[in-house]
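Report on one structure; see the data block that follows.
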Amino acid sequence: MSDDGMDPMDVDENGDSDQNNENCGHKMEDIYRLSSEWDLRHFPGVKPSPIHTVLYQTPILNATVPPIPHKGPGRWDANHVRLPCAQQNQYVVRNEDDTEEVKERWSLIRTALSQDIRTSHDLVAAILSYNTKYSKTWRFNGLHKLFQDSDEKACESFFTELLPKIIRLALALPELIPSAIPLLKRGTTKSISFSQEQIASLLANAFLCTFPRRNAQGKRSEYRSFPDINFNRLFESSEHNVVEKLKCICHYFRRVTNNMPTGVVTFTRRCMPDKHRIRWDKWEGDFKATKLHVTAYGTIEDDGRGLLQVDFANKFLGGGVLGFGCVQEEIRFVICPEMIVSKLITEVLDKNEALLMIGCERFSSYSGYASTFEWNDNFIDRTPYDESRRRLCNVVAIDALNFYAASDQYREELIRRELDKAYVGYYHELKSPAPGVATGNWGCGAFGGNKRLKALIQLMVCCVTCRPMVFRLDGRV
């Protein structure tokens, strides 16, 4: 695919091969089109429409406080999130005399979480009281390990100070989201905008495992084509990196309950109809027309400021973030926990779909990767806001194919699939110049993709979409 037969990863800006340089290709000033890193816009502002649900009142008149929730009718159907506070959320309770009674589950949740919870075992008992079906199958080794490894003062602080705040945040859900949340289902292009406060309440409910019908894994279960959202699997493992992910989550809750952020976040599902697909076999572009910067260090989230940052996604958003996984996508989701809400609303991605996450804030710094991942400290995100009160952090989730046989990836129809997948994520809908893409070894590592092929595929898409590209070399993914 390269017009000169050379690997673009081996060429510097003078056209010379230079694998020893930490950086090669164009300078970052060229990637930013000689503008400030924040000058170019990726997406239009927030505006309610039939394809954009906004769950807070617009316009935002006071940026120093969280936006006011939008009030609307609730929904209890297959096209909307089944909220735990809905009246239709019923639960069968077995009484002491062995009779059964149907009760509102939200009432059970409120009662359980109003008890005196002083230890991780008390917390487990509360969670299982409204998830009795899983009382013999859910394990909480990781949750117990988190507090076993903490000193007495930290444990006391969590159960006497932080946990009550998380519970209040969760139980405020009916007031914070008094309207229906549509699901981002397959075959649709649709957006949802939340306030960060609304996201925090949803995540507090996920932490406390309150979302109904989201635990069943059977082929006939209602949410079989959605990712998991309740945190029970994250609580399960006592592996070091899983416990460190829990530290990230607890730190997030400590931050937002002490000082609630006042921004908003948009999730957009993109679906590319067949009639809009690129005829890749007819494309006659020139790789040299695309500015390319290659770097051997840093991270996409650190070095991609102002760029479209690529999430090497699982087709079930978030991958194993609420389980054992701890690579590129999972790490991004725990240092920016607002991304986890995508798992609540986004059905599995099809081959012609991508998910855009606009405005998510970063809360944690970290070190390591996979088994060596560790939460390090607080992170102050200084990313500026756009006119809609979203941070200028733009992330696109695209899922690569998993090649069990390495030779399969060179089949023409599968290369086309990867080109289409990157294109639906990278195309620019505004008339202004498109900002660059910050990416790397997408679909390599466990998915078996060839690094050179995947780099060329992404470079080709950047040529078509007129985007510069920052490519991060990294042998870990």
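Points worth noting:
- Residues satisfying the stated conditions in segment 183-199, i.e. in contact with an Asp or Glu (Cβ under 8 Å, 6 or more places away or on another chain), surrounded by 24 or more Cβ atoms within 10 Å (Cβ to Cβ) and within 30 Å of residue 135 (Cα to Cα): 199
- Breaking point among (1) in contact with a strand residue (DSSP E or B) (Cβ under 6 Å, 6 or more places away or on another chain); (2) open to solvent by less than 90 Å² (accessible area, probe 1.4 Å), for residue 51: (2)
- If the condition is being outside any loop (DSSP other than H, G, I, E, B), surrounded by fewer than 20 Cβ atoms within 10 Å (Cβ to Cβ) and either among the aromatic types (Phe, Trp, Tyr) or modelled with pLDDT of 95 or more (or both), then segment 421-450 contributes only 447.
- Test result for residue 175, more than 21 Å from residue 90 (Cα to Cα) and modelled with pLDDT of 95 or more: no
- Exactly one residue among 119, 137, 132 is closer than 30 Å to residue 238 by Cα and without any contact (Cβ under 8 Å) to a residue 12 or more places away in the chain, and that residue is 137.
- Helices (runs of 4 or more DSSP H) contained in segment 238-339 and holding at least 2 residues within 17 Å of residue 400 (Cα to Cα) and open to solvent by less than 50 Å² (accessible area, probe 1.4 Å): 328-335
- Answer residue from segment 205-225, given it is of a type in the set (A, V, I, L, M, F, W, C) and surrounded by 22 or more Cβ atoms within 10 Å (Cβ to Cβ) and is farthest from residue 85 (Cα to Cα) among those: 207
- Single residue of 351, 343 found to be open to solvent by 50 Å² or more (accessible area, probe 1.4 Å) and at pLDDT 95 or above: 351
- Set side by side, the residues 257, 266, 295 differ, and just one is out of contact with any strand residue (DSSP E or B) (no Cβ under 6 Å at 6 or more places or on another chain) and of a type in the set (S, T, N, Q), which is 257.
- Entry remark, segment 356-393: residues being open to solvent by less than 40 Å² (accessible area, probe 1.4 Å) and not in a helix (DSSP H, G or I) number 21 in total.
- Residues of segment 94-142 that are touching a strand residue (DSSP E or B) at 6+ places or on another chain (Cβ under 8 Å) and either assigned to a loop (DSSP other than H, G, I, E, B) or surrounded by 15 or more Cβ atoms within 10 Å (Cβ to Cβ) (or both): 95, 104, 105, 108, 130.
- Residue, farthest from residue 86 (Cα to Cα), within segment 143-152, restricted to residues that are without any contact (Cβ under 8 Å) to a residue 40 or more places away in the chain and in a helix (DSSP H, G or I): 152
- Scanning segment 143-179 for residues that are surrounded by 19 or more Cβ atoms within 10 Å (Cβ to Cβ) and either closer than 30 Å to residue 77 by Cα or hydroxyl-bearing (Ser, Thr, Tyr) (or both) yields 166, 167, 169, 170, 171, 173, 176, 177.
- Of all residues making up segment 394-415, the number that are of a type in the set (Ser, Thr, Tyr), at pLDDT below 95 and either surrounded by 10 or more Cβ atoms within 10 Å (Cβ to Cβ) or not in a helix (DSSP H, G or I) (or both): 1
- Residue list for segment 65-82, restricted to those being exposed (fewer than 12 other Cβ atoms within 10 Å of the Cβ) and either under 30 Å from residue 432 (Cα atoms) or of a type in the set (Lys, Arg) (or both): 71
- Just one of the listed residues (461, 470) is touching a strand residue (DSSP E or B) at 6+ places or on another chain (Cβ under 6 Å) and among the hydrophobic types (A, V, I, L, M, F, W, C), namely 470.
The values are calculated or read from the model by the stated rules, or taken from the named source; none is laboratory data. Since the model is a prediction, treat every value here as computed from it, not as a measurement. A quick note on method: Cβ atoms are made from the backbone with ideal geometry, for glycine too, and the neighbour counts reach across all protein chains shown. When the accessible area is computed, the model is the full protein with side chains, heavy atoms only, and any ligands, DNA or RNA have been set aside. Shrake-Rupley method; radii C 1.70, N 1.55, O 1.52, S 1.80 Å.
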